[in-house]
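The values are calculated or read from the model by the stated rules, or taken from the named source; none is laboratory data. Worth saying up front: this structure is predicted, and the values here are computed from it rather than measured. Cβ placement follows ideal geometry from the backbone for every residue including glycine, while neighbour counts extend to all protein chains displayed. These area figures cover heavy atoms from the full protein model, side chains too; ligands, DNA and RNA do not enter into them. Shrake-Rupley method; radii C 1.70, N 1.55, O 1.52, S 1.80 Å.
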Amino acid sequence: MLILVTDRPSNNGYIRSLINAYKHEGHTVVCDVNNFFDSNINPDVVHIHWPERLDQWYGLRSSDNRSHLRLIRDRLQAFKYAGSIIVHTVHNLCPHAELSREPVSDEAYKLIISESDILVHHCGKSVEMIAHLYPEAKGKKQIICRHGPYLDDFKKIDSSIAKARLGINNNSFVMLNFGVQRPYKNERFVHDVYSLVDIPEKLLFVAGKFEYPSNFFVRAVYKCRNWFRSRWAFGGRRYAYENISSELLPFLISAADIIFLGHRRGLNSGILALAATYGKVAVYPNIGCFEEAVEECYSEKYEVSNKHSAKQAVERAHENVRAGVSLDNSDWLESVSWRSHVCRIIDAVSEARAPVPEGSGVVN
């Protein structure tokens with residue numbers, strides 16, 4: 001099959017891993033949002049990921065919201081008329097660029113869900129949540145393909161070597177908060193929980209690009225704060241408010257004893273898959289697909305935005321890690337392979353393309 005993926009490989013290995021798995025199964029893949037809008041290819045499958053890529057993040061987007069949404073609809077319907085099956089992987093419940101300078105609507109989400117033939121979810125709970133928010137999802141073919149591992153980026157590095165590379169004392173218990181720092185990821189909550197936990201030689205490492213607000217004054221205050229934070233370690237805290245390179249990433253993850261997620265809302269997080277890929281303990285809020293994402297691995301969950309619950313989860317993780325709890329991730333790796341991920345999608349596509357048997361009573 002010819003598959004158009006409406007995104008392209010980046011520092012996040014998700015799309016690259018997906019494309020490689022499609023190719024490994026013998027399919028031809030073209031990617032990038034420009035091929036959605038401007039190419040004349042007739043793919044068997046159009047695989048859409050973040051709707052923002054077609055809408056708010058599209059560089060040639062019309063300033064007229066209604067006009068651009070009509071363009072997306074026209075392109076989707078043209079692909080379907082030519083025989084393409086529209087597949088949409090549901091990563092989020094709504095647009096997650098909270099700090100966009102323009103008001104972000106969920107119209108593109110509604111449109112893409114409405115026009116899709118198949119919805120791909122990372123857990124069963126996602127099916128329920130999307131159906132509750134978007135009636136357009138009801139009656140669609142829906143399948144579950146859990147978030148795959150980041151083996152394309154994986155490098156086995158001993159924790160002591162990684163800590164030495166980053167200038168961290170080998171005895172330090174490292175609590176890593178990783179990823180783009182957006183408001184819903186609750187950085188202040190992360191700091192509050194870190195202050196509460198009773199762990200000797202603890203170190204909080206916050207790493208990831210900081211998404212600044214549009215308000216000039218508030219933006220300036222955050223930039224000044226982050227400039228100082230990034231240059232001086234203090235209070236058992238380290239900061240790297242920057243895009244983390246693929247060369248540095250394995251050292252950062254390998255140096256962590258636990259990976260702490262402070263999200264106050266959300267559906268999925270690649271950070272959980274990254275932690276599991278490296279056999280690291282994830283401490284996470286009980287929201288969305290988070291629990292199912294790492295169910296085969298040792299992890300700790302807490303009540304969302306509950307500092308006391310999070311404190312206890314971190315301290316349990318610390319105690320168990322120091323006691324040598326098994327961090328074997330082999331069952332997880334087998335369960336969430338990218339091969340099984342794409343084979344499930346292709347099977348669903350084949351079913352969708354299959355002709356309806358004559359006399360079956362099913363109306364196309």
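With respect to VAL197, is the statement that it is open to solvent by less than 40 Å² (accessible area, probe 1.4 Å) and closer than 22 Å to LEU249 by Cβ true?
no
Does TYR278 qualify as being modelled with pLDDT of 95 or more, touching a Leu at 6+ places or on another chain (Cβ under 8 Å) and not β-branched (Val, Ile, Thr)?
no
Specify the residue that is surrounded by the fewest Cβ atoms within 10 Å (Cβ to Cβ); the eligible residues are those in the range 200-225 that are among the β-branched types (Val, Ile, Thr) and not in a strand (DSSP E or B).
It comes out as VAL218.
Would a scan of the range 54-62 turn up a residue that is within 21 Å of ASP117 (Cβ to Cβ) and touching a residue at least 24 places away in the same chain (Cβ under 8 Å)?
Checked against the condition, which is being within 21 Å of ASP117 (Cβ to Cβ) and touching a residue at least 24 places away in the same chain (Cβ under 8 Å), the range 54-62 yields at least one hit.
Assuming PHE189 fulfils every condition listed in (1) touching a residue at least 60 places away in the same chain (Cβ under 8 Å); (2) within 26 Å of GLY266 (Cα to Cα); (3) assigned to a loop (DSSP other than H, G, I, E, B) apart from one, which condition is it?
Answer for PHE189: the failing condition is (3).
Filter the range 226-255 down to the residues that are more than 25 Å from ILE157 (Cα to Cα) and either of a type in the set (D, E, K, R) or part of a helix (DSSP H, G or I) (or both) and list them by number.
ASN226, TRP227, PHE228, ARG229, ARG231
Among (1) open to solvent by less than 60 Å² (accessible area, probe 1.4 Å); (2) modelled with pLDDT of 95 or more; (3) touching an Asp or Glu at 6+ places or on another chain (Cβ under 9 Å); (4) of a type in the set (Lys, Arg), which single condition is LYS140 missing?
(2)
Select from the range 103-137 the residues that are among the small types (Gly, Ala, Ser) and surrounded by fewer than 20 Cβ atoms within 10 Å (Cβ to Cβ) and write down the one among them that is farthest from the chain's Cα centre (by Cα).
Step by step, filter the range 103-137, then rank; the result is SER114.
Which of the residues that make up the range 159-177 are of a type outside the set (D, E, K, R) and open to solvent by 40 Å² or more (accessible area, probe 1.4 Å)?
SER160, ILE161, ALA164, GLY167, ASN169, ASN170, ASN171
Could you tell me whether any residue of the range 148-158 is among the aromatic types (Phe, Trp, Tyr) and more than 19 Å from ILE48 (Cα to Cα)?
Scanning the range 148-158, I find at least one residue that is among the aromatic types (Phe, Trp, Tyr) and more than 19 Å from ILE48 (Cα to Cα), so the answer is yes.
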